[in-house]
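What follows draws every value from the coordinates through simple rules; no lab data is involved. Remember, it's a predicted structure, so these values are computed and weren't measured experimentally. Here the Cβ is made from the backbone with ideal geometry for all residues, glycine too, and neighbour counts use every protein chain on show.
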Amino acid sequence: MSNSGPLVSILINNYNKEKFCEKAVKSVLKQNYKKIEIIFFDDGSTDSSVKRINKIKKANKNKIKIITNKTRENVFSFNQLNAIKKSLKVCKGKFVCILDSDDFFEKHKIKKIVKFFKENRSSEI
């Protein structure tokens, strides 16, 4: 299942979470479900967040896309919605997951999500 299922896009929005963003991205890369893409949206961070993710991207070129926003609003919820909206435009997955850059996924999370949707195609959630 891990290599034959649908592509899953994981959207990670980030603003100055240098201390945590690596763990978030690595938790996605360590999933036992491997058909994934990561869209890392940085909202104009002033720390080294993007630099850290670029290092990880070099070893995982086909898995990670980085979007950097140059114009940031002063309203947090608007920025988060803007990040999701812009990330959705470039993602290619059949399923989309959202992960905050200061959080992480357990190793089997994506596999469980894909399995649930395959087994419950007609469910209204």
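Using the structure shown, select from Lys17/Lys118; Lys19/Lys94; Lys23/Lys70 the pairs with a Cα to Cα distance greater than 26 angstrom.
Flagged as over cut-off: Lys17/Lys118; Lys19/Lys94.
Only sites in a loop by DSSP and with at most 12 other Cβ atoms within 10 Å count here; which trypsin sites (Lys or Arg not before Pro) in the stretch 7-82 make the cut?
For trypsin sites (Lys or Arg not before Pro) across the stretch 7-82 that sit outside H, G, I, E and B with at most 12 neighbouring Cβ atoms in 10 Å, the list reads Lys30, Lys61, Lys70.
Compute the angle between helix 76-90 and the longest alpha-carbon principal axis of the chain, please, reported from 0 to 90 degrees and rounded to the nearest 10.
60 degrees
Positive end of the dipole of the chain, charges at C-beta (+1 Lys, Arg; -1 Asp, Glu), about the Cα centre: which of Tyr15, Val28, Gly44 has its Cα farthest in that direction?
Among Tyr15, Val28, Gly44, the one farthest towards the positive end of the dipole of the chain is Val28.
To test your reading of the geometry: what angle, between 0 and 90 degrees and rounded to tens, separates the Cα axis of helix 109-119 from the longest principal axis of the chain?
Long axis of 109-119 versus the principal axis of the chain: about 40 degrees.
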